[in-house]
Structure formats: structure tokens, C-alpha cells
Amino acid sequence: MKVNFSNVNLENIDKYEEKALAAFDTLMGRNGEGNDFLGWIDRPVDYDKDEFERIKKAATRIRENSDVLVSIGIGGSYLGIKAVDVACDSYFNSERKTKIIYAGHQLSGEYLVELLDYLKDKDYSLNVISKSGTTTEPAIAFRVLKEALEEKYGKEEAKNRIFATTDKAKGALKELANAEGYESFIVPDDIGGRFSVISAVGLLPLAVAGINIDEFMAGFADGREKYTNKSMENDAIKYAAVRNMLHEDGKDIEILLNYEPKLKYVAEWWKQLYGESEGKDGKGLFPASVSNTTDLHSMGQMIQDGVRNIFETVIEVENPSKDLTIKEDEQNLDGLNFLAGKTMSYINKQAMEGTAMAHVEGNVPNIRIKIDKINERNLAELFYFFEIAVGVSGYMLGVNPFNQPGVEAYKKAMFKLLGKPGY
Ligand SMILES: O=P(O)(O)OC[C@H]1O[C@H](O)[C@H](O)[C@@H](O)[C@@H]1O
């Protein structure tokens, strides 16, 4: 993975570098706000190997007896799984032995009814994932899906098809898992939800999907190797410094963009990580995302000519796994023979370069993150890069990057409207 800042004016970066290095010291010194939630930093080399093996065994069992695993969770208990699942799957002919389907990540009755109908003639298991164990959306989905599972298999067999990933000791889901005898896995106390894809939260569903979780962990270890040294050569520190410089220079919105549609949910994972880590005390860059070149035909006008408060961070995949060469056409009625002999990846790359030139020309600075190809190891390294960078960036901003007090406000209002006791 390489990060390129040549499309950003770095003439004022010095004072941000000093601040970034100090913030990095706070992060790695574990003496900043939110330092109870830094377990993810060393997790790549310090994790429960027994649980890891148990995850693999459970995944094998699920793959043997289920066409579908319903992964029930929201936020950090959903987005990391979906990001890697989609990015590492094929667009159309998924060879997945067991398909991962998601639930509990919204409150759509239509979705849940259609999911229940879809599952009727399938063998399936449930992985209910909630660090707190009380989040409304997954709790509702689990109540409904558990009832359907028990109806299909009977209570005893259903117990062998329910896996709970939650707090090691407390919370409603842990109590339920203990009472019902569900196999459970742990969301570590010292890893916040948006950082938890490295734990059983991500590992079990991804192992069921056929992702190589040894390679996934190795990618996090690659990230820990590359992004935990104190130097401005450390791209994670530099990215944090550059973001803060651009923010103080009037850019309020960072757009993460890709030119490979299957990376869409990597951006969704990134939006939670950056939005929840920095959006506090009236501060923070607004994290947005587009998928190009599709969105150049919808958001291109705004990005090129709208309010000049945007910069872009582009994820470039240097070696797509498949490619296709445009052929000469005798009639050339579409006028595309100038593309004959050129590959789609070459054309996509020129679109990326042309867009970067036009946007930089229009005062939209561009950061470029290049990954060799899309696989679980490279995605894990990218995740770790963003995690270190958000810790540094949040401390530079003067916020606690590891809490999320603001998410409670809507819940209180919603529970009052729903007549939840005590609200
Ligand atoms: O895993 P859970 O405890 O169910 O939390 C799921 C999500 O909901 C919370 O409200 C926070 O917004 C997220 O940080 C968290 O990832």
C-alpha cells in the first residue's frame, strides 16, 4: 500500500507535522482521552489464539450445515464485515458455499419480511453481534429470526445454529446466550465497535464467507508494522496531518472515492470510523463517499464547481483481478475505435487521472491511496492505516477519538416516542 500526496499543496504542512507527531505520541503512549479503547493497536499480535481456532471450527460447522449465515448487527457490528465480504466476492457469480446475508442494520419491515420468506426453504444459522447487547435494530431482528429458526428446526437444534458475539461477561445478549446455551464469542472491552472487525465480530462471518482469516490478521500485522513508527514517513501520521491542514484551510468535507464498485462498503466502514471518531464538540471533517466513474455523472458537477470546501481521498487498485480489451469495430459507428487494443483497467485509470487533474485544477486537493489488489490482507492493512490515522487526527482536533456520546441522543428521543419504560 502506498499513499501519494503530490496533488496537495504541502507548503504549510510543517506546523501540522509537529502537532501530528505529538498526537501520535499521545496515541501510542496510551495517555490520551479514550485510552481504554486502544486494544486494536496490538490486537494483530496479541489475540486469543484459542478463540481464533474456535471461530474457525464454528465457521466450518456453519459452512457444513447452512446455505446462509444471517449476520445480525449494525454500525461496527456490520460495516467491517460487509466491506470485506463485498470487496472480496465476485460481482455476479458468487462461489460462496455459505452466503452472508445481513439483518438488524435497519428497521425496514419490508426487508425483514422478505428475508424471512427467502430463508423459508434454506438451511441457515444466525450470528447475532452486539458489543453492548442492547442495540435496538439487531435485538429486534434477532427476536424475529430466532423465532423463525426455532419454528423451522425446533428449539434444541436451533441452539446449535445461533452464535452470539458480544461482551465477555455483561449485557442482555450475553445473559441470553448463557441462558440458552448459544456458542458465544467476545467483543473485547478495549476495542470500540468501529474498530472491532479485527475481533470475532468480523472473523466469524468472514470465515464463514470463505475469507482467509489468517491472511486477514496478517494484513493487520502488516499495518501495525508499517504505521506504528514515529516519523513523518509514516503515511498514517502524514494523512492525519494533511487532513487537518486541509480542514483548517477551509475544507469541511472529505470524500473517499473508488473506481472499483466493490469497494463501496469500505467507504461505508470508513465513514463510521471517521464520523464517529471526529464528529464531536462542533468539530470534524464530514466524511462522504462516491463511487466513480458512476458518481461523476451525479456528483461531478458539485465536486467540480460547487462550494470549494471539499478534498478527495482516492483508493486506487493497481491490479484489478480481471480485465478486458476493447476490440476494433469495422463500422466504428460508436466512434470508439480510438480505444481499440486498450484494456478497461487502462481506460478506468485514465478516467481516474483525468478526474484528479480536473478536480485539483478546480481547487479540490487529492490524496491517493494505492493498493496492489483487492484481497483480505490488503484490506486489513488499509483498515489499520485508517485506524491509526483517525486516532492521530482526532487527537490533533482536540477530541476523544474513541467515544461516541452523540449516538445516544436519537436513541433517547426514539425510545420516548416508542414508550420504552424509563424514557
Ligand atoms: O455492537 P453494538 O453495541 O450493538 O453497537 C453497534 C453500533 O451502535 C452504536 O450506537 C454506535 O453508533 C456504534 O459505534 C456501534 O458500532
Residue within the stretch 205-215 that is within 14 Å of the ligand (Cβ to nearest atom), touching a strand residue (DSSP E or B) at 6+ places or on another chain (Cβ under 9 Å), under 17 Å from Glu376 (Cα atoms) and open to solvent by less than 50 Å² (accessible area, probe 1.4 Å) present: yes
Helices (runs of 4 or more DSSP H) wholly inside the stretch 140-229 containing at least 3 residues that are within 26 Å of Cys88 (Cα to Cα): 200-209, 213-227
Residues satisfying the stated conditions in the stretch 67-95, i.e. away from the ligand (no atom under 16 Å from the Cβ), open to solvent by 20 Å² or more (accessible area, probe 1.4 Å) and either within 27 Å of Glu387 (Cβ to Cβ) or not in a loop (DSSP other than H, G, I, E, B) (or both): Val86, Cys88, Asp89
Test: residue in the stretch 21-42 that is small (Gly, Ala, Ser), assigned to a strand (DSSP E or B) and closer than 27 Å to Lys370 by Cα: no
Residue check for Glu225: within 16 Å of the ligand (Cβ to nearest atom) and either of a type in the set (Asp, Glu) or in the same structural domain as His105 (by the TED database) (or both): no
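When you check Ile101 against the structure, is it within 12 Å of the ligand (Cβ to nearest atom), within 30 Å of Asp372 (Cα to Cα) and either assigned by the TED database to the domain that holds Ile55 or outside any loop (DSSP other than H, G, I, E, B) (or both), yes or no?
Numbers: within 12 Å of the ligand (Cβ to nearest atom): no; within 30 Å of Asp372 (Cα to Cα): yes; either assigned by the TED database to the domain that holds Ile55 or outside any loop (DSSP other than H, G, I, E, B) (or both): yes.
In short, no.
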Residue, farthest from Ala200 (Cα to Cα), within the stretch 71-87, restricted to residues that are in contact with a helix residue (DSSP H, G or I) (Cβ under 6 Å, 6 or more places away or on another chain) and not small (Gly, Ala, Ser): Val86
Options Lys230, Lys280: the member that is open to solvent by less than 40 Å² (accessible area, probe 1.4 Å), out of contact with any Lys or Arg (no Cβ under 9 Å at 6 or more places or on another chain) and assigned by the TED database to the domain that holds Val392: Lys280
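Is it true that Val113 is in a helix (DSSP H, G or I), under 20 Å from Phe216 (Cα atoms) and open to solvent by 40 Å² or more (accessible area, probe 1.4 Å)?
no
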Among the residues listed as Glu64, Glu17, Glu51, the single one being open to solvent by 70 Å² or more (accessible area, probe 1.4 Å) and either away from the ligand (no atom under 16 Å from the Cβ) or at pLDDT below 95 (or both): Glu64
Pair list, Cβ under 8 Å, 6 or more apart: the stretch 177-188 residue more than 12 Å from Asn160 (Cα to Cα), other residue within 13 Å of the ligand (Cβ to nearest atom) and open to solvent by 40 Å² or more (accessible area, probe 1.4 Å): Val187/Lys131
Residues satisfying the stated conditions in the stretch 140-184, i.e. in contact with a Lys or Arg (Cβ under 7 Å, 6 or more places away or on another chain) and more than 24 Å from Lys122 (Cα to Cα): Thr166, Asp167
Answer from Val390, Val399 - the residue that is touching a Pro at 6+ places or on another chain (Cβ under 7 Å) and within 16 Å of the ligand (Cβ to nearest atom): Val390
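Confirm whether Arg54 is of a type in the set (D, E, K, R) and in contact with a Phe, Trp or Tyr (Cβ under 8 Å, 6 or more places away or on another chain).
Taking the combined requirement at face value, the residue satisfies it.
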Single unsatisfied condition, Lys322 versus (1) in the same structural domain as Gln301 (by the TED database); (2) open to solvent by 50 Å² or more (accessible area, probe 1.4 Å); (3) at positive phi; (4) of a type outside the set (S, T, N, Q): (3)
Scan of the stretch 116-135 for residues that are part of a helix (DSSP H, G or I) and surrounded by fewer than 16 Cβ atoms within 10 Å (Cβ to Cβ), ordered by number: Leu116, Asp117, Tyr118
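Quick grid of which residues meet (1) more than 16 Å from the ligand (Cβ to nearest atom); (2) among the charged types (D, E, K, R); (3) not assigned by the TED database to the domain that holds Val68:
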{"residue": "Tyr118", "(1), (2), (3)": "yes, no, no"}
{"residue": "Asp123", "(1), (2), (3)": "yes, yes, no"}
{"residue": "Asn127", "(1), (2), (3)": "no, no, no"}
{"residue": "Lys155", "(1), (2), (3)": "yes, yes, no"}
The stretch 233-272, residues that are buried (at least 22 other Cβ atoms within 10 Å of the Cβ) and among the small types (Gly, Ala, Ser): Ala236, Ala240, Ala241
Members of the stretch 366-412 found to be open to solvent by less than 30 Å² (accessible area, probe 1.4 Å) and of a type in the set (Asp, Glu), listed by number: Glu381, Glu387
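The values are calculated or read from the model by the stated rules, or taken from the named source; none is laboratory data. Because the structure is a prediction, the values reported are computed rather than measured. Every residue, glycine among them, receives a Cβ derived from its backbone with ideal geometry; neighbour counts consider all protein chains shown. SASA here: full protein model, heavy atoms, side chains in, ligands and nucleic acids out. Shrake-Rupley method; radii C 1.70, N 1.55, O 1.52, S 1.80 Å.
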